[in-house]
Amino acid sequence: MSPWLIGFALFFAYPLLSTVYFSFTKYDGFRPPVPSGLHNWTYLFTDYPLFWPAMRNTLWLVVVMVGCRVVFGLGTGLLITKIKTAPGLFRTLFYLPYLAPPVAATLAFVFLLNPGTGPAGVLLEGVGLHSPGWFTDADWSKPALTVLAVWGVGDLMVIFMAALLDVPKEQYEAAELDGAGAWARFRHITLPNISPIILFAVVTGVIQAMQYYTQPLVAGKVAAGVIGGSGEQFEPGYPDKSTLTLPQVVYNLGFQRFDYGAACAAALVLFALSMAFTALLMRRRGGLIGSGD
Amino acid sequence: MAVTTTATGTAPARTAPAPPRRARGALVHWVAVHSLGVAAALFFVLPFVFLFLTSVMDDRQALTRDLWPHTWQWGNYSRVWHTPGFLTWWRNTLLYAGVGTLLTVVSSVPVAYALAKFRFRGRRLSLLLVIAMMMLPPQVVVIPMYLFWAGQLDLSGTLWPLIIPMAFGDAFSVFLLRQFLLTIPDEYLDAARVDGCGELRTLLRVVLPMARPGIAAVALFQFFYAWNDYFGPQIYASDNPAAWTLSYGLESFKGAHHTNWNLTMAATVLVMAPVIVLFFFAQKAFVEGVTLTGVKG
């Protein structure tokens with residue numbers, strides 16, 4: 001335990017307390033921190049132009065992106081349990097996108113959905129649909145990120161598949177004898193049996209959405225045509241702040257504006273939201289801690 | 001859901017259909033399920049296909065709307081491979097992922113073992129702290145950590161601030177391993193102790209061999225985490241291109257070749273390939289690990 005305790009103190013307790021302290025100071029990393037009361041907090045909530053767009057985007061992602069991922073995860077999980085021909089092949093194909101490194105997957109999707117030359121546009125127009133600007137249109141950038149997130153739903157698929165296979169067969173047989181149709185069986189047997197897993201998927205999804213960073217940042221930068229590299233300035237959340245998330249706010253305040261105090265305040269907002277959902281996860285599902293306690 | 005409703009739509013269970021009708025219902029069910037499966041498979045696989053096709057187009061065709069390459073430019077891959085920096089990014093990524101994974105496994109196994117198999121005061125609290133740490137967004141502590149590593153230890157421009165902490169046990173790995181170790185019956189450990197094994201010997205000779213699938217899953221997760229990490233290298237290595245990793249370098253690669261989608265897609269394929277190859281070798285461990293995070297809790 002002891003090396004872990006050192007690690008815990010060094011990489012969790014000490015920095016967390018420092019973050020709290022810095023959030024009440026004016027601090028640029030060069031001069032020592034100067035206490036500034038609630039200034040960072042009022043600045044963040046009232047004057048800093050990126051904070052509320054980031055909060056609104058997070059809310060959007062929590063509702064739509066997490067919702068879509070859970071529905072598609074459950075749908076593909078169900079589908080996989082019904083496929084009788086080459087189930088292993090289908091499962092592998094469904095699972096592979098989850099493994100694609102986020103930067104690579106995001107780059108690929110910016111290209112695929114690129115309205116000018118992207119294959120997705122060609123396919124959509126082939127069936128008579130008009131392809132929107134996706135990553136260059138503020139109304140479509142979050143739906144585009146949602147498509148990317150749903151593409152990588154393989155982890156949830158596997159978790160749901162395992163849960164679905166654990167539902168006792170006798171319950172289905174009994175219900176069928178009672179004349180329950182497929183929907184009734186799903187509603188009254190499948191759903192109650194897997195509800196802990198649905199809750200798990202929702203809550204971990206919400207925590208991921210709070211921390212959503214690489215994909216929206218890379219999508220915004222690449223779609224805006226920013227030349228990568230060190231210290232570059234770019235329009236945060238391109239297009240029109242639509243891909244901004246809270247972690248980007250922390251990065252922008254801390255590492256681009258060198259306003260460490262305000263960055264720490266933003267980090268604590270992220271912390272409070274994440275811990276609230278973690279608490280929900282642990283309270284509603286003691287199972288996370290598992291047997292032996 | 002759609003699948004099951006289609007099936008009963010054809011053969012309602014309530015009416016106890018005659019055998020031929022049931023057979024036809026089963027066929028319709030099979031066709032419905034598998035066409036839905038193929039449609040889903042296309043959604044999951046087509047991006048890879050287009051990605052690959054674009055990666056072998058010539059520079060001019062990559063700017064058109066064509067889907068199929070006129071000529072197969074396999075040379076794109078060697079052009080990417082010989083781009084200045086690309087090999088360095090590979091080396092750095094392997095260093096980060098390889099050393100980091102090794103350190104994580106060595107440091108996390110004893111902690112997980114203690115949490116799973118020992119009764120000590122504060123055990124429950126320790127476990128709660130592990131879970132809290134696991135859920136902590138990296139951005140929450142990044143500013144003090146950055147000031148510590150870059151300011152006080154002057155390690156900015158290297159990957160060490162990302163690698164060294166892994167020697168102190170990674171929270172997610174501890175949690176996952178503990179869940180796995182819980183499934184090993186205590187009787188094995190008791191038997192080893194009765195036979196006169198010390199704690200260390202019991203851990204090395206009895207627990208480790210039985211925990212191999214769990215350790216494999218943790219190692220894979222950690223390797224993928226480091227391979228995919230963007231935020232860490234962005235914070236600590238962005239001002240020194242010699243310390244960039246593939247994830248961080250790939251994005252800048254797009255910036256430097258902003259009109260060359262074919263080269264960008266070839267680079268993307270080269271970054272994805274190792275992950276996918278590794279998956280095919282370690283499929284079972286990986287899927288077990290994912291399941292363990294969600295189901296066996």
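Couple of notes before you dig in:
- Accessible heavy-atom area order of B:Y188, A:Y27, A:Y260, highest first, probe of 1.4 Å: B:Y188, A:Y27, A:Y260
- Stretched out straight at 0.36 nm per residue, the stretch from B:E199 to B:V45 would grow longer than its current Cα-Cα span by 50.6 nm.
- Using a probe of 1.4 Å, the accessible surface attributed to B:K254 totals some 20 Å² when neighbouring protein chains are kept in position.
- Each peptide among A:105-111, B:127-133, B:149-155 gets the average number of other Cβ atoms lying within 10 Å of its residues, and from highest to lowest they stand as A:105-111, B:127-133, B:149-155.
- In terms of accessible area, using a 1.4 Å probe and ignoring ligands and nucleic acids, B:R119, A:R69 rank largest first as B:R119, A:R69.
- Prolate/oblate/rounded call for the protein assembly as shown, Cα gyration tensor, a/c under 1.5 rounded: oblate
- Per-residue mean of C-beta atoms belonging to partner chains within 10 Å, peptide A:78-87: 5
- Of A:H39, B:H34, B:H82, the residue with the largest accessible area leads and the full order is B:H82, A:H39, B:H34 (1.4 Å probe).
- Only Cα pairs under 8 Å and 6+ residues apart enter the sum, and on that basis the relative contact order of chain A stands at 28 percent.
- Inter-chain Cβ neighbour count for A:174-181, averaged per residue, equals 3 (cutoff 10 Å, partner chain atoms only).
- Taking every DSSP helix (H) stretch of at least 4 residues in the protein assembly as shown, weighting each as -39,500 (n - 2.57) and dividing the sum by the residue count yields a mean residue ellipticity at 222 nm of -20000 deg cm²/dmol.
- Cα pair distances exceeding 31 angstrom across chain A, given as percent: 43 percent
- Peptides ranked, highest mean first, by Cβ atoms within 10 Å: ranges B:65-74, B:102-111: B:102-111, B:65-74
- Mean sequence separation of contacting Cα pairs (under 8 Å, at least six apart), scaled by the length of the range A:1-150, corresponds to a relative contact order of 15 percent.
- Whether the range A:240-280 is rounded, prolate or oblate, judged on the alpha carbon gyration tensor where a/c under 1.5 counts as rounded: oblate
- Cα shape, the range B:142-297, gyration tensor, a/c 1.5 rule: oblate
- By a 1.4 Å probe calculation restricted to protein chains, A:M161 has an accessible surface near 20 Å², given to the nearest 10.
- The accessible surface of the range A:1-70, taken with every protein chain in place and a 1.4 Å probe, is 77 percent carbon and sulfur.
- Residue-level accessible surface for A:D47, protein heavy atoms, 1.4 Å, Å²: 110 Å²
- Rounded to the nearest 10 degrees, the angle from helix A:66-82 to the longest Cα principal axis of chain A is 30 degrees.
- Cα-Cα over 22 Å, subset of A:K142/A:K241; A:K84/B:K284; A:K221/A:K241; A:K142/A:K221; A:K82/A:K142: A:K82/A:K142
- Take each residue in B:244-257, count the other chain C-beta atoms within 10 Å of its C-beta, and the mean is 5.
The values are calculated or read from the model by the stated rules, or taken from the named source; none is laboratory data. Nothing here was measured: the structure is a model prediction, and the numbers come from that model. Reconstructed Cβ throughout: ideal geometry from the backbone, glycine too, with neighbour counts over all protein chains shown. Only protein heavy atoms, including side chains, enter the accessible area calculation; ligands, DNA and RNA are left aside. Shrake-Rupley method; radii C 1.70, N 1.55, O 1.52, S 1.80 Å.
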